[in-house]
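Below is one structure, written out as structure tokens; the observations come after it.
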Amino acid sequence: MGVPSLIDRTRVAKPRRKLSADPYRRRYGDVRELIASRQNPTPLVRLNHVVPGGMEAYLKLEWMNPFGSVKDRTARFLLEGMRERGELDGRELVEATSGNTGIALAALAALEGIRLTVTIPSGVPEEKLVLLKMLGATVMPTPDELCPIDNPRDGAIALARAIAESPRNRGRYAMPNQYANPDNVRAHYETTGPEIWEQTDGRVRTFVAGYGTCGTLTGVGRFLKEQNPGIRVVAVEPQTGHRLPGLKNLEEAKAPAILDPSVVDEVIRVDDEPAYAMTRRLFREEGLIVGPSTGAIAHALATLDHEEAGLVVGISPDSGQKYASYFASLVEEGASR
Amino acid sequence: MSVLVADRELDCKGLLCPLPVYQTSQAIGKLGPGQVLKVECTDPGSLEDFPALARQRGLTLLSAEERDGMQVFYLRKEAA
């Protein structure tokens, strides 16, 4: 007889079989599997109160992606493309971003043990800066007028490029460059566009998205027009000096290289005030906790003639969780109605 | 010719615009009033950038010289 065991083996549960990933039970092997794809699209939710009666309009809730925005798709495709081309080998990443691409890149880079430096325009909310730092990224806040000569309002982009291309840093950095990298367009051409087409059973007639990096506009616009050339693509542009993070006014910022103007049928300019007013309406009337760029897109969408527009899909790039500092003035005493 | 003495030095050799301007802006923040920063650059654009930076940030550009492909600047932070 051996040494008596202190454990009553009859009562020890057998080790459980390891759980494997099972998307039907929403069980995943890795957070990256949650990034939207044709098999796992982000939801389309109908707008019932903030658009004219009779209009069939939906927002595509891109903030249901795991890192919280439409940029999860972009970041995944950017990194995959760089890896395939051998650009990542042993290098650090540097990228200019108003926050969401940085957050998605930082999460993916952290998973892969890659260091990331983010140059970020001044005025980006503190919430995003802290998220980036929580994910381990090095953050360089950049005034837009950094180059005293060029004054291009694109200081963050110029700084990221200088970090990547300076002779002293040779071979150290790789820059995804979401503004010029065709993989940004491909992300939306291969996922967002087909999702919208399939989710609307091919009935979509108008697509609305913002001028930002223009990856969504170009990729989705191109895909949808290939399915049906009659689909109208509407771009939303903020005014100069706006406070709508993620959106770009193409007079004060350079048009991104990946913008294909031939897919844009119409540009709607939106002021900050109606954009924020619509953001608050989306919170209060639709129960949608969205960021300010969604407010701008929904405002533009609601101004369309509903018979001409047909079924409308607008992009909701991110949620309102990161914008407390932007919304504070909307809910101050006396401003809450 | 008086000899300029720097309280701090910044090496921006091998860095492209706007990195030298960015790093200089950061370094100026750490200077006390009246202190002098010496910056060495190799990006020819800095010959235009630094006078503009000085105007923008209220600094005195004591000297700007180029020799052997290197630009050397002396900037003094004035009292606020």
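Bear in mind these aren't lab numbers, they're just calculated from the coordinates by the rules spelled out. Everything numeric here is computed off the predicted structure, so don't read it as measured data. Glycine also receives a Cβ, built like all others from the backbone with ideal geometry; neighbour counts cover every protein chain displayed.
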### Task
Would you mind computing, in nm to one decimal, how far apart the modelled labels at residue B:25 and residue A:17 are, each placed 7 Å from Cα along Cα→Cβ?
6.0
### Task
Within 10 Å, count the other beta carbons around each residue, average over each peptide in A:185-197, B:59-71, and list them highest first.
A:185-197, B:59-71
### Peptide-level mean, for B:12-25, of C-beta atoms on other protein chains within 10 Å
6
### Query
What length, rounded to one decimal in nm, is gained on full extension from residue A:115 through to residue A:328, with 0.36 nm per residue of separation minus their alpha-carbon distance?
73.3 nm
#### Entry: Shielding by other protein chains, A:155-164, mean Cβ within 10 Å
3
### Task
With only Lys, Arg, Asp and Glu charged, each at its Cβ (+1 for the first two, -1 for the last two), find how big the charge dipole of the protein assembly as shown is about the Cα centre; round to the nearest 20 debye.
1880
### Query
What 222 nm value per residue comes from the helices of chain B, counting each DSSP H run with n ≥ 4 as -39,500 (n - 2.57) and dividing by all residues, nearest 500 deg cm²/dmol?
-9000 deg cm²/dmol
### Summary
Between residue A:284 and residue A:34, the two model label points (7 Å from Cα along the beta-carbon direction) sit apart by a distance in nm of 3.1
### Message
Tell me the mean residue ellipticity at 222 nm calculated for chain A from its helices only (DSSP H runs of n ≥ 4, each -39500 (n - 2.57), averaged over every residue, nearest 500).
### Response
-9000 deg cm²/dmol
### Task
Could you work out the per residue convex hull volume over the alpha carbons of chain A, in cubic angstrom?
206
## Note on the structure
Footprinting proxy, A:133, A:18, B:38, A:71: sorted fewest to most Cβ within 10 Å, the residues are A:18, A:133, B:38, A:71
### Query
Counting other C-beta atoms within 10 Å, which of A:82, A:64 has the fewest, and how do the rest follow?
A:64, A:82
### Query
In µm²/s, what is D for the stretch A:71-174 at 10 °C and 1.306 mPa s, where D = kT/(6 pi eta Rh) by Stokes-Einstein and Rh is the Kirkwood radius from Cα pairs?
115
### Query
Under the definition of partner shielding as Cβ atoms of other protein chains within 10 Å of a residue Cβ, what is the mean value for peptide A:165-178?
2
### Query
Highest GNM mean-square fluctuation, chain B, Cα pairs closer than 10 Å: which of B:23, B:35, B:56?
B:56
### Summary
One point scatterer per Cα, no solvent, Debye formula: log10 I(q)/I(0) for the stretch A:206-337 at q = 0.17 Å⁻¹ comes out as -0.87
### Query
Ranking A:175, A:140 by Cβ neighbours within 10 Å, fewest first, what do you get?
A:140, A:175
## Note on the structure
Relative contact order as a percentage, chain B, C-alpha pairs under 8 Å and 6+ apart, gives 33
### Message
Sort A:159-168, A:204-213, B:8-17, A:226-235 by packing, meaning the average of other beta carbons within 10 Å per residue, with the highest value first.
### Response
A:204-213, A:159-168, B:8-17, A:226-235
### At q = 0.14, 0.16, 0.18, 0.19 Å⁻¹, base-10 log of I(q)/I(0) for the stretch B:8-77 (Debye sum, equal scatterers on each alpha carbon)
-0.33, -0.44, -0.56, -0.63
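Could you give the dipole magnitude of the stretch A:45-89 about its Cα centre, charging the beta-carbon of Lys and Arg +1 and that of Asp and Glu -1, in debye to the nearest 20? List each step's numbers first, then the result.
Details: 7 positive and 7 negative charges, 32 e Å.
For this selection, approximately 160 debye.
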### Message
Set the bar at 24 Å for Cα to Cα. Now go through A:248/B:30; A:225/A:322; A:18/A:133; A:71/A:248 and name every pair that lies beyond it.
### Response
A:248/B:30; A:225/A:322; A:18/A:133
